[in-house]
Amino acid sequence: MTVERQDAPAAALDTLYARLDEAALRPLWTITEQLLTPEPRPKAVPWLWPAETMRPLAEEAIRLVPVERGGERRVLSLANPGLGGRPYAVGTLWGALQALGPRESAPAHRHSPGAIRFVLEGEGVWTTVDGDACDMGPGDLILTPGWAWHDHTNAGDAPMFWFDGLDLPMIEALDGVFFEPYPDDRQPVDGPHNASERGAPAGARFVEGRVTDALDPRPSPLLAYRWADTDAELSRLAAASDDGVVSLEFTNPVNGASVLPTLSCGMHRVVPGRATLPVRRTGNTIYVVYQGEGHSVMGGRRFDWRAGDMFVAPSWVPVEHHADAQADLFSLGDAPVLRALGVYREETLAAPQDVTSTFQPKNGKNPR
Ligand code: GTQ
Ligand code: FE2
């Protein structure tokens with residue numbers, strides 16, 4: 001660290017600092033340790049939002065709050081307590097629970113941030129993406145690339161709940177946010193539903209581990225990845241592996257890149273009774289528990305989870321997953337951006353973490 005000259009008069013120094021402040025200049029030597037940290041120090045903290053807390057609140061919002069122009073979406077965003085009230089799950093990612101009641105439709109719009117949906121429960125709902133109505137069922141991944149028109153329609157008799165992930169904080173940090181409402185409440189649907197799947201390129205929809213480092217700004221033309229396919233691929237990988245976790249990443253079938261240029265989506269099958277080691281990675285991750293029960297250890301703290309829970313692993317925090325019964329975790333991460341910029345790092349630690357505390361969700365009804 002730079003220190004002041006021994007013989008510099010204190011009063012002169014005070015004056016220098018005051019004049020710098022006045023001139024909108026900051027001396028690096030007083031702040032360098034906060035800026036150039038030995039390793040990432042995300043402000044977001046590891047956290048978990050239990051389904052049993054979120055679900056009744058989403059139901060109450062269906063009863064009290066209509067979905068129409070102005071509000072646009074009935075969405076409960078994950079607000080990480082480390083981010084000082086900002087509505088972001090982690091520094092670079094938006095994560096949320098969206099609820100759509102029977103016979104409701106959420107108005108059409110588009111925005112430069114890209115979005116993905118991972119369906120938790122419900123049926124009879126579709127998201128129309130640039131005229132293609134993509135049916136949504138449990139375990140399906142639906143893409144809404146940046147600047148694509150989209151609206152959600154529930155034609156069924158039951159509410160539907162899904163996870164939304166967006167790169168909004170990243171695009172906001174880049175000062176690149178644009179939003180535009182569609183002239184009508186809904187887009188016309190061109191022809192039969194699920195057109196993107198019928199015309200899809202033949203390339204692979206999944207890759208084990210992670211995708212290529214190539215940055216490709218074109219999103220996947222395939223807009224829906226079906227649970228039946230994902231499940232079959234996870235079973236195939238689990239049968240061929242002794243690891244405690246088998247992971248796949250959803251890929252753009254045209255080029256093997258991540259599904260959106262900024263966002264990578266993965267699925268992880270956690271198998272009980274097998275060894276897992278902690279891994280830390282640069283970049284932030286949101287996990288959504290699709291099914292099963294277990295716990296993850298993040299930074300020495302134990303987070304117990306079950307279906308519908310959502311939790312976050314901020315950059316460089318060691319994470320390991322353990323299942324009590326076979327469990328499937330969906331993940332959303334910003335790694336494509338870090339990889340494309342050459343700042344991606346990943347490290348597997350040699351031994352499991354010592355668990356020094358257990359996370360207690362504040363509003364969870366049952367202590368875990
Ligand atoms: O469904 O279009 O969670 O525009 C946040 C912003 C969902 C959506 C969110 C959005 C949407
Ligand atoms: Fe949107």
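The values are calculated or read from the model by the stated rules, or taken from the named source; none is laboratory data. All values reported here derive from a predicted model rather than from experimental measurement. Cβ coordinates were reconstructed from backbone atoms using ideal geometry, including for glycine residues, and neighbour counts include every protein chain displayed.
Here are a few things to note about the model shown:
Results for (1) among the acidic types (D, E); (2) surrounded by fewer than 24 Cβ atoms within 10 Å (Cβ to Cβ); (3) more than 15 Å from ligand 2 (Cβ to nearest atom), shown as yes or no for each residue.
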residue	(1), (2), (3)
V75	no, yes, no
L78	no, no, yes
G85	no, yes, yes
S105	no, yes, no
S112	no, yes, no
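- For the range 114-128, taking the residues that are more than 20 Å from the chain's Cα centre (by Cα) and part of a strand (DSSP E or B), the one that is nearest to ligand 2 (Cβ to nearest atom) is identified as T128.
- Cβ-Cβ contacts under 7 Å between residues 6 or more apart (or on different chains), taken from a first residue in the range 282-294 that is in contact (Cβ under 8 Å) with a residue 24 or more places away in the chain to a second residue that is of a type in the set (D, E), are listed as G283/D334; N284/D334; V289/D309; Y290/D328; Q291/D328; G292/D328; E293/D324; G294/D324.
- Of note, W47 satisfies the criterion of being more than 16 Å from ligand 1 (Cβ to nearest atom) and either surrounded by 17 or more Cβ atoms within 10 Å (Cβ to Cβ) or closer than 20 Å to R302 by Cα (or both).
- Residues in the range 211-269 that are of a type in the set (S, T, Y) and either under 22 Å from N194 (Cβ atoms) or within 19 Å of the chain's Cα centre (by Cα) (or both): S220, Y225, T230, S247, T251, S258, T262, S264.
- The set of residues in the range 193-221 that are without any contact (Cβ under 8 Å) to a residue 40 or more places away in the chain and assigned to a loop (DSSP other than H, G, I, E, B) comprises G199, P221.
This table checks each residue for (1) farther than 19 Å from L168 by Cα; (2) touching a Gly at 6+ places or on another chain (Cβ under 7 Å); (3) free of Cβ contacts under 8 Å to residues at least 40 places away in the same chain.
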| position | (1), (2), (3) |
| --- | --- |
| R69 | yes, no, no |
| R103 | yes, no, no |
| S112 | no, yes, no |
| F118 | no, no, no |
| P145 | no, yes, no |
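- Complete set of residues in the range 54-73 that are surrounded by fewer than 16 Cβ atoms within 10 Å (Cβ to Cβ), assigned to a helix (DSSP H, G or I) and of a type outside the set (A, V, I, L, M, F, W, C): P56, E59, E60, R63
- Lone unmet requirement of (1) modelled with pLDDT of 95 or more; (2) of a type in the set (V, I, T); (3) more than 30 Å from E52 (Cα to Cα); (4) part of a strand (DSSP E or B) for V177: (4)
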